[in-house]
Amino acid sequence: MLAFDAFTPTPPAHPAPQHAAIRPETRFPRCALIELTPADRQRLLAHLQTLDVDDRLLRFGHAVRNDALASYVDGIDFGRDQVCGLVDEHAHILALAHLAVRDGEVDFGLSVTPACRQQGMGKLLFHHVIERALDAGASRVLCHSISPAILRMANARGFRRLRGNPTAPLVLQLLATPPAAQRCATDTGQRNDA
């Protein structure tokens, strides 16, 4: 396994806009969790293009070609959705979360570059997704991913398939409690079942 400190990517082809970090990441001292903007579309696409055919299938739930990735990135509504990423000191996106916010629900997708997997970056972003959903006042979070890693995290957090339908997305029902109280339960690994 490649250690994170040994990962030294080449500088990005497109200079990254300057962002204020949502928060520095103590577990990944060379990274920052940032909110991405429309100016980051090229970097988003570059990150997604690091995913091979199998990774894209796991991330999106179906096969996705490069032209479809470009359409996906172009279609992100930054006014409504939330897109955040863990970036390194060269502004490369190492891990990405896209939260689509619609009608009191949050649907999300996560991806981590192959060289940075198995280090906890996906888990960090997964918990960030739950925090953001709570902050947005969402009643539930949907997960369409078929990635075994995402499915394990979703199952541990209490996501369930509606009516036991194996083809339905995983759903986490959120309680109508203040975001800070929910976040404390999430941070401590506790779960509130409705």
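Worth pointing out:
- Rounded accessible area per residue of segment 46-167, 1.4 Å, Å²: 45 Å²
- Ranked by how many other beta carbons lie within 10 Å on average, peptides 131-140, 45-54, 68-77 from highest: 131-140, 45-54, 68-77
- Ordering of 101-107, 122-128 by packing [mean C-beta count within 10 Å, highest first]: 122-128, 101-107
- Classification of segment 78-154 by its C-alpha gyration tensor yields an oblate form. The axis ratio a/c (a ≥ b ≥ c) is 1.5 or more, and b/c is at least a/b.
The values are calculated or read from the model by the stated rules, or taken from the named source; none is laboratory data. Source: prediction; values computed, not measured. Heads up, the Cβs are rebuilt from the backbone with ideal geometry, glycines too, and the neighbour counts pull from every protein chain shown. In case anyone asks, the SASA skips ligands and DNA or RNA and just uses the protein heavy atoms, side chains included. Shrake-Rupley method; radii C 1.70, N 1.55, O 1.52, S 1.80 Å.
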